[in-house]
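Chemist: Before I ask anything, here is the structure I am working with.
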Amino acid sequence: MKYWLSVCLCLFVFAACNRAQNTTSGEETTSSSSKIAMEDQQYAPPSEGDIEKIEKPASEWQAELSDLEFRVLRQAGTERAFTGDLWDNKADGIYTCRGCGLPLFDSATKFKSGTGWPSFYQPLKAKYVTEKTDNSHGMSRTEVLCARCDGHLGHVFNDGPQPTGLRYCMNSVSMDFVPKEKLAQQEP
Ligand SMILES: [Zn+2]
């Protein structure tokens, strides 16, 4: 019984997300600590005007990020569905880039997608994310990256809810979550 339950669950997840995220083996690991309780959430919005790019050699990123964060953010990997600590987060706040602290998504635009990855119908500001055609793994998808550090966040699909009809399917590990209370303290 348990076996069939898990088979059904797997099939469901596959059906919901086979276009959403790459689920091939080799880059699936569970993330370790809970970011929600972490003290080092980053919130670093850019000053007005153009976003100044952050560029660092891979070795520097590797030193700053965990293995899984590095694999997802810098090597376009994908965390396994339902393993991240933000897919089911229902708190009010802002989701920021794990790599550079750029605010990316508002919890008000998060919705339940059933995919096991945090899903949003729009970014906080269009200019905070960049989109790129991704033809890897035999699929044509649109990759979503942080506009400041070019960190891989996930993919965007056109099967999301209104008002945009878009589904930004993100990796938990690519983001930090800054709760509303904390945000108020950080804002000038
Ligand atoms: Zn970034």
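Chemist: Just for the stretch 92-119: of the residues that are more than 16 Å from the ligand (Cβ to nearest atom) and of a type in the set (Phe, Trp, Tyr), which one is surrounded by the fewest Cβ atoms within 10 Å (Cβ to Cβ)?
Modeler: For the stretch 92-119, the residue satisfying everything is Phe111.
Chemist: Could you say which residue among Glu69, Glu60 is open to solvent by 10 Å² or more (accessible area, probe 1.4 Å) and within 13 Å of the ligand (Cβ to nearest atom)?
Modeler: Residue meeting the stated conditions: Glu69.
Residue-by-condition table, conditions (1) assigned to a strand (DSSP E or B); (2) open to solvent by 40 Å² or more (accessible area, probe 1.4 Å); (3) at pLDDT 95 or above:
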site	(1), (2), (3)
Thr133	yes, yes, yes
Glu143	yes, no, yes
Arg148	no, no, yes
Gly154	yes, no, yes
Asp159	no, yes, yes
Gly165	no, no, yes
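Chemist: Continuing with the same structure: Among the listed residues Asp176, Asp92, identify the single one that is at pLDDT 95 or above, closer than 23 Å to Leu65 by Cα and of a type in the set (Asp, Glu).
Modeler: Working: Asp92 fails: closer than 23 Å to Leu65 by Cα.
Just one listed residue meets the conditions, Asp176.
Chemist: Cβ-Cβ below 9 Å, separation at least six or inter-chain, first residue in the stretch 129-140 and more than 24 Å from Glu52 (Cα to Cα), second charged (D, E, K, R) and loosely packed, with under 11 Cβ neighbours inside 10 Å: which pairs?
Modeler: Matching pairs, first to second residue: none at all.
Chemist: Looking at the stretch 52-69, I want the residues that are within 10 Å of Asp150 (Cβ to Cβ) and of a type in the set (A, V, I, L, M, F, W, C) and have a partner that is modelled with pLDDT of 95 or more and part of a loop (DSSP other than H, G, I, E, B) with Cβ atoms under 7 Å, at least 6 apart or on another chain. Which pairs are those?
Modeler: Listed by first residue and then by second, the contacts come to Ile54/Cys100; Ile54/Arg148; Ile54/Cys149.
Chemist: Right, here's the next one. Which of the residues spanning the stretch 109-131 are part of a strand (DSSP E or B) and either basic (Lys, Arg) or closer than 20 Å to Arg80 by Cα (or both)? Explain how you work it out, then say what you get.
Modeler: Within the stretch 109-131, the first condition is being part of a strand (DSSP E or B), and the residues that meet it are 110-111, 119-120, 129-131.
Result: Lys110, Phe111, Ser119, Phe120.
Chemist: Another question, then. Exactly one of (1) modelled with pLDDT of 95 or more; (2) open to solvent by less than 50 Å² (accessible area, probe 1.4 Å) is unmet by Leu183. Its number?
Modeler: Checking Leu183 against (1) modelled with pLDDT of 95 or more; (2) open to solvent by less than 50 Å² (accessible area, probe 1.4 Å), the one that fails is (1).
Chemist: Looking only at the stretch 57-75, decide whether some residue is aliphatic (A, V, I, L, M), in contact with a His (Cβ under 7 Å, 6 or more places away or on another chain) and at positive phi.
Modeler: The initial filter retains those residues of the stretch 57-75 that are aliphatic (A, V, I, L, M), namely 58, 63, 65, 68, 72-73.
Adding the requirement that they be in contact with a His (Cβ under 7 Å, 6 or more places away or on another chain) leaves 72-73.
Narrowing the set further to residues that are at positive phi leaves none.
Looking for residues that are aliphatic (A, V, I, L, M), in contact with a His (Cβ under 7 Å, 6 or more places away or on another chain) and at positive phi, one finds none in the stretch 57-75, hence no.
The values are calculated or read from the model by the stated rules, or taken from the named source; none is laboratory data. Quick caveat: nothing in here was measured; it's all calculated off a predicted structure. Heads up, the Cβs are rebuilt from the backbone with ideal geometry, glycines too, and the neighbour counts pull from every protein chain shown. Areas reflect the complete protein model, heavy atoms only, side chains present, ligands, DNA and RNA absent. Shrake-Rupley method; radii C 1.70, N 1.55, O 1.52, S 1.80 Å.
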